[in-house]
Amino acid sequence: MERPTKRLTQLSLLLSCALVLGAVERWIPLPVPVPGAKIGLSNIVVLAVLLRYGLKEALAVAFMKSLVLMALFGSPVSFLYSVCGGLGSVLVMALMKKRWSEKFSVMGISVAGAAVHYLMQLTVAALILRTPALYGYFPYMVLMSIPTGVFTGAAAFYLNRVTEKLDRV
Amino acid sequence: MTKALKLTKWDILLMALLFVLGVGLLVFTVQGAPGNTVQVLEDDRVIFEHTLSAETAFEKELTLSNGHVVTVAAENGRVYMAGAECPDHTCVKTGAIHRSGQVIVCLPNHVVVKITGGEGELDGKTY
């Protein structure tokens, strides 16, 4: 981890994983009547980067992921949802990792991150559409953050087991 | 980080808290009284309005400022999105709404269908 080139290569590789997951995710609808509801597959990578590298790197991956996905598929509006959700959840997960890493496991951190991600997206959407009634979706989002958070948290844990092996290459 | 993947009691506490919050809010929102007006908004502009009772039935095609057409319909006082020109059709999949405060959202088109009024407010009168 001390060599900057190796670090850069690993992070680039992980970013490209996040992009692929973000693209694939568009084809997996969730069985809830909430617009824009997704599992958050690319957040597996963001969380893994946060745990292994740190806050700066995780913010960079979250931002770049939103930016490139916008260029490929989205609109400036979907970029706003995505980037606010992504950065908000990274900050909360970083805080939990720093303060309470003995109390919460990766999955607990991830669940909180998922909840914040959904909440931020909802807030941005409510502001853009000037419709506070959008918070009617909030209960669905809160419930959804539990399974999606556990799943992405567990996946991030196993992803880091794999990336650790890259250090020996 | 820990070496093995295991839920801690704090994880479970957090999840239980979110679960109770989610279910609580859900119960709270579905207890609303049926509304008496349906409004369709594009951004914050009302582009269509209709009174709502248990017998209300209509179908209305609305052309938006972006040129897309959305079809709002009602049957037996339940309002639903019958069709929309958008990539995801989440609004159509949302299904029917009839309680005051419920919404259908078409995010790509910036369209919101919402139910307002209902019991607790004065009965709507036609002037």
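Some points to look at:
- For segment B:8-51, taking the residues that are buried (at least 17 other Cβ atoms within 10 Å of the Cβ) and in a loop (DSSP other than H, G, I, E, B), the one that is farthest from the other protein chains (Cβ to nearest Cβ) is identified as B:N36.
- Only a single item in (1) over 18 Å from the mean Cα position of the chain (by Cα); (2) surrounded by 12 or more Cβ atoms within 10 Å (Cβ to Cβ) is not met by B:A4, and it is number (2).
- Scanning segment A:116-168 for residues that are within 10 Å of chain B (Cβ to nearest Cβ) and not in a helix (DSSP H, G or I), we see that the one that is nearest to B:G24 (Cα to Cα) is A:T131.
- Hey, A:R7 in contact (Cβ under 8 Å) with a residue 24 or more places away in the chain, under 16 Å from the mean Cα position of the chain (by Cα) and surrounded by fewer than 16 Cβ atoms within 10 Å (Cβ to Cβ) or not: no
- Which listed residue, of A:S110, A:S101, is closer than 19 Å to A:G54 by Cα, within 10 Å of chain B (Cβ to nearest Cβ) and either of a type in the set (F, W, Y) or over 13 Å from the mean Cα position of the chain (by Cα) (or both): A:S101
- Meets criteria (farther than 22 Å from A:Y137 by Cβ, surrounded by 17 or more Cβ atoms within 10 Å (Cβ to Cβ), at pLDDT below 90 and not acidic (D, E)) for B:N66: no
- Among residues that are buried (at least 17 other Cβ atoms within 10 Å of the Cβ) and away from chain A (no Cβ under 13 Å), B:A54 is not included.
- For segment B:2-44, filtering for residues that are closer than 26 Å to B:C106 by Cβ, of a type in the set (D, E, K, R) and at pLDDT below 85 leaves 2.
- Enumeration of residues in segment A:146-159 that are within 15 Å of A:V46 (Cβ to Cβ) and in contact with a Gly (Cβ under 9 Å, 6 or more places away or on another chain): A:T148, A:G149, A:F151, A:T152, A:G153
- Restricted to segment A:14-43, and to residues there that are among the aliphatic types (A, V, I, L, M) and free of Cβ contacts under 8 Å to residues at least 60 places away in the same chain, the residue that is surrounded by the most Cβ atoms within 10 Å (Cβ to Cβ) is A:A18.
- Segment A:112-159, residues that are of a type in the set (S, T, N, Q) and either farther than 21 Å from A:L87 by Cα or surrounded by 19 or more Cβ atoms within 10 Å (Cβ to Cβ) (or both): A:Q121, A:T131, A:S145, A:T148, A:T152
- Within segment A:119-136, the set of residues being of a type outside the set (S, T, N, Q) and either without any contact (Cβ under 8 Å) to a residue 40 or more places away in the chain or out of contact with any helix residue (DSSP H, G or I) (no Cβ under 7 Å at 6 or more places or on another chain) (or both) comprises A:L119, A:M120, A:L122, A:A126, A:L127, A:L129, A:R130, A:P132, A:A133, A:L134, A:Y135, A:G136.
- Residues located in segment B:89-101, provided they are surrounded by fewer than 22 Cβ atoms within 10 Å (Cβ to Cβ), facing chain A (nearest Cβ under 7 Å) and closer than 27 Å to A:S75 by Cβ: B:K93, B:T94, B:G95
The values are calculated or read from the model by the stated rules, or taken from the named source; none is laboratory data. Everything numeric here is computed off the predicted structure, so don't read it as measured data. Neighbour counts are summed over all protein chains in view; Cβ atoms, including those assigned to glycine, are modelled from backbone coordinates with ideal geometry.
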